[in-house]
1. Only one of these conditions is not met by A:GLU201: (1) surrounded by fewer than 20 Cβ atoms within 10 Å (Cβ to Cβ); (2) touching a Pro at 6+ places or on another chain (Cβ under 6 Å). Which number is it?
2. Given (1) touching a residue at least 40 places away in the same chain (Cβ under 8 Å); (2) touching an Asp or Glu at 6+ places or on another chain (Cβ under 9 Å); (3) of a type in the set (A, V, I, L, M, F, W, C), where does A:LEU234 come up short, assuming only one miss?
3. In the stretch A:125-137, how many are open to solvent by 20 Å² or more (accessible area, probe 1.4 Å) and within 27 Å of A:PRO85 (Cβ to Cβ)?
4. Determine which single condition B:LYS234 fails, assuming it passes every other condition in (1) assigned to a loop (DSSP other than H, G, I, E, B); (2) under 20 Å from B:TYR303 (Cβ atoms); (3) open to solvent by 40 Å² or more (accessible area, probe 1.4 Å).
5. For the stretch A:22-71, name all the residues that are within 14 Å of chain B (Cβ to nearest Cβ), open to solvent by 60 Å² or more (accessible area, probe 1.4 Å) and without any contact (Cβ under 8 Å) to a residue 40 or more places away in the chain.
6. When only residues in the stretch B:41-71 that are of a type in the set (A, V, I, L, M) and open to solvent by 40 Å² or more (accessible area, probe 1.4 Å) count, which is farthest from the other protein chains (Cβ to nearest Cβ)?
7. Filter the stretch B:16-40 for residues that are crowded, with 24+ Cβ neighbours inside 10 Å and among the aliphatic types (A, V, I, L, M); which is nearest to the other protein chains (Cβ to nearest Cβ)?
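The values are calculated or read from the model by the stated rules, or taken from the named source; none is laboratory data. In this text, all values refer to a predicted model and were calculated from it rather than measured experimentally. Glycine also receives a Cβ, built like all others from the backbone with ideal geometry; neighbour counts cover every protein chain displayed. Ligands, DNA and RNA are stripped out before the accessible areas are found, and what is left, the full protein with its side chains, is counted by its heavy atoms. Shrake-Rupley method; radii C 1.70, N 1.55, O 1.52, S 1.80 Å.
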Amino acid sequence: MTQSMAVDYDTMIPNNVGLSSDRRVLKALERWHPGYIKWWGNMGPVGFQESSVYLRTAISVDPKGWAKFDYIKMPDYRWGILLAPQVEGRTIPCGEHYGEPAWQEVPGEYRSMLRRLIVIQGDTEPASVEQQRFLGQTAPSLYDMRNLFQVNVEEGRHLWAMVYLLQKYFGSDGREEANEMLRRQSGSEETPRMLGAFNEETPDWLSFFMFTYFTDRDGKMQLEALAQSGFDPLSRTCRFMLTEEAHHMFVGETGVARIIQRTCEAMNEAGITDPYDIEKVRALGVIDLPTIQKKLNLHYTLSLDLFGSEVSTNAASAFNAGVKGRYQEIKIDDDHQLNNDTYAAPQFVNNKIETIDVPALTAINMRLRDDYTNDANGGVKRWNALIKKSNIEFDLKLPHSGFHRRIGVFDNAPITPDGLVISKEQWEERQSDWLPSLADGDFIQSLMKPVWEPGKYASWIAPPRTGIDNKPGDFEYVQLHMA
Amino acid sequence: MNMAEPQKQHLIDPEFCIRCYTCEESCPIGAITHNDDNVVVDASVCNHCMDCISPCPTGSIDSWRIVTEPYSLEEQLGWMELPEQQQFADQDDGPDAGLEALDESIAALLAEAHEGSGQVPAPSSASKSSINLYNLANPVEGVIQGNYRLTSADADSDVRHIIINLGNAPFPVLEGQSVGIICPGEDKNGKPHLPRLYSISSPRDGERPNANNISLTIKREELGVCSNYVCDLKKGDTVKLTGPFGASFLMPDDPQAKLLMICTGTGSAPFRAFTMRRQRVLPQQNGALKLFFGARTPESLPYFGPLKKIPETFLDTHFAFSRVEGKPKNHVQDELRLASGPIAEALKDPQTYIYICGMKAMEEGVDAALNDIAGKAKMDWGTLKDEMRKSGRYHVETY
């Protein structure tokens with residue numbers, strides 16, 4: 001029985017890690033699997049477990065074979081364990097072990113540090129599935145619903161990827177951590193997810209797109225940094241996850257872009273030129289640009305908090321150990337050890353924002369966050385190009401990094417999106433100018449009516465330029481099979 | 001003016017790229033790089049291996065421009081959107097074969113098919129062909145309108161006339177062009193099948209005048225995955241096409257032009273198209289078309305029936321059968337020699353265009369026959385052929 005189950009099970013899990021000959025890990029995964037499926041049933045997308053969704057499944061890791069598209073019911077999705085191919089002769093790219101051969105096993109001295117990093121990364125994956133579980137009910141099209149589910153199953157797969165590392169390399173505490181991943185719940189009072197932004201609600205589709213754009217982008221940067229790890233299995237895992245993460249970036253960036261486009265079109269059709277004429281714009285059944293800016297402010301700043309403190313000895317240790325690198329570490333032209341370098345980091349002292357040079361080694365988080373901001377700005381530029389093309393005068397902006405923060409030097413500092421320091425009272429008073437108010441949320445919520453007819457889109461979002469897998473406009477991305 | 005040869009440049013559409021750098025990671029030769037705004041492809045490094053295409057989540061990677069001078073990295077890094085495709089002036093002052101296809105693999109197939117003539121320009125009066133409106137990533141879907149066996153039931157070969165309706169999709173073709181057919185499924189290595197190329201056998205305005213349909217002439221190959229797939233398609237089935245392809249094996253639009261068409265088997269496809277085009281636009285133009293057509297038997301010769309109905313005065317048809325019981329083997333070159341008088345006249349005429357299409361094996365015999373016929377008429381075939389090639393009057397498409 002065990003024998004045949006194992007074989008069957010191996011075929012159920014696409015993998016390129018030789019699972020069938022690794023009986024210990026296989027057994028551990030077999031034990032974990034029912035809990036995962038139960039978790040997916042309880043905490044995954046609500047109401048669509050029986051629907052056939054046109055999903056892409058990764059079945060191998062070479063560029064031409066990893067995106068296979070077909071209809072599948074989500075619980076039957078082939079969650080697999082896929083690592084990017086091993087690079088011959090790869091060396092540790094940073095820190096005190098710089099240049100030594102990359103580790104294929106966990107080095108004892110860094111065991112707990114590595115485990116912690118993997119657990120934190122792993123915890124975010126199921127968290128976002130939980131946060132988004134009700135969104136399918138209000139999907140503005142089958143196309144968007146399909147994209148949501150694609151993101152969800154791939155976040156699920158990313159959990160598998162981290163669980164595999166825990167079970168393969170961290171013995172019984174790894175298995176315990178793997179179980180904990182299914183026990184914690186986003187937004188739970190008793191057992192919340194580990195990071196703040198992953199306990200926030202994703203109440204509507206604008207939030208979802210902003211979340212995938214800003215918060216998944218933090219995930220991307222963390223994966224980029226872990227892809228530079230001297231622990232080779234972690235590096236390879238993250239490199240392959242990044243290929244999938246790109247689709248999530250795509251969903252976020254184009255989702256927001258399509259909302260902006262629809263708003264601009266509707267304004268032009270109605271002859272409204274003032275983007276701040278909010279009531280009139282909203283009466284068109286689209287989301288006004290100032291509200292989009294508020295949502296951007298919220299999600300960007302929540303995501304900045306995910307990078308941790310600007311100056312951090314933990315981050316320094318991880319870098320120095322060669323366990324976590326910087327963004328595109330191997331492309332950076334320096335000694336990769338940072339013993340004598342400095343990096344500019346902000347400070348908030350006596351109600352003033354200042355910049356001081358700190359040892360670069362301690363500013364690893366800050367640097368990754370700067371790279372993130374740069375990266376995030378790219379999409380904002382494109383959104384603005386759309387607005388400009390529609391001849392509407394409005395510029396979306398990333399707020400100042402001191403605005404609306406809960407972590408690091410700017411924790412609770414009364415700083416405006418433009419970077420002005422004001423009094424706490426003034427800040428509280430003006431908060432609803434910068435962040436979505438309850439009324440804003442209610443308005444957006446009022447637009448969230450499902451549109452499930454193939455090829456049709458809700459009033460507040462433009463259709464995409466091309467279909468997924470080059471499918472035509474009226475393709476039935478989700479076959480609902482509603483009872 | 002000595003312009004550089006036009007080339008295909010791989011670009012990334014900056015309007016839709018989300019800067020995930022997945023392409024950069026998947027490029028095996030480091031041809032892709034980026035700044036904060038854009039991800040760009042270095043034309044001097046990119047070898048069109050296409051490894052970056054499928055991992056791209058947006059499709060922005062699948063962007064191409066025909067350029068004489070590739071866009072530099074600096075230019076690309078500053079773009080907010082792709083530049084328009086440059087228009088090229090007609091280059092009728094030199095041996096410019098034009099681009100036959102933008103897909104590397106299809107271009108290679110066509111180059112191989114045209115080996116017999118080398119790179120030759122299209123006839124100077126030929127209409128300009130459109131190429132690559134559809135590719136593997138963006139194919140067009142057609143619906144089978146008809147699928148008829150052309151060879152008689154007892155013939156040893158199954159050649160089929162397949163009519164495909166393109167619906168509302170724009171699909172401008174010229175006689176002599178080809179289309180790619182994408183056979184669904186995967187090969188034994190688990191890769192999707194690459195498109196197979198088939199010549200269009202209908203004229204530019206459709207199998208029926210002004211219908212947006214095309215016909216193909218396809219022989220069922222015993223182990224041919226694609227030919228069996230197409231030959232088994234039923235009316236109403238859909239099929240994915242790429243193309244059109246081809247920019248040199250085209251017919252002249254000049255009403256004075258005379259065509260000498262030499263083919264075997266399904267090589268008759270483009271000549272059916274040429275002939276139908278002439279029937280539609282110049283039905284009174286007698287004595288301008290000659291067809292030398294080889295097959296094993298009359299039963300296995302595609303379009304044997306319809307061809308026999310075309311008046312000799314309009315289309316001077318010569319059949320050569322190599323396997324008719326009780327008769328000596330007869331090949332197209334033998335028929336050419338039999339008609340050496342009129343052929344020699346044709347060779348002397350600067351309005352004559354020669355087209356050879358069919359099995360590669362026929363080339364040598366045809367060339368020898370033309371050489372003999374020219375020699376007897378005191379012409380040097382080598383020199384003449386070269387002249388004809390340069391002026392776009394000698395075309396070979398064999399496989």
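1. Answer for A:GLU201: the failing condition is (2).
2. Failing condition for A:LEU234: (2).
3. So the answer is 0.
4. It is condition (2) that B:LYS234 fails.
5. A:LYS64, A:ASP70
6. So the first thing to find is which residues in the stretch B:41-71 are of a type in the set (A, V, I, L, M), and the list is B:41, B:43, B:45, B:50, B:53, B:61, B:66-67.
With the extra rule that they be open to solvent by 40 Å² or more (accessible area, probe 1.4 Å), the set shrinks to B:45, B:50.
Numbers: B:VAL45: 16, B:MET50: 8 Å.
Here the answer is B:VAL45.
7. Here the residue is B:ILE18.
Conditions tested, residue by residue: (1) within 13 Å of B:LEU241 (Cα to Cα); (2) in contact with a Phe, Trp or Tyr (Cβ under 6 Å, 6 or more places away or on another chain); (3) surrounded by fewer than 20 Cβ atoms within 10 Å (Cβ to Cβ).
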position	(1), (2), (3)
B:ALA137	yes, no, yes
B:GLY146	no, no, yes
B:GLY180	yes, no, no
B:LYS188	no, no, yes
B:LEU194	yes, no, yes
B:LEU197	yes, no, no
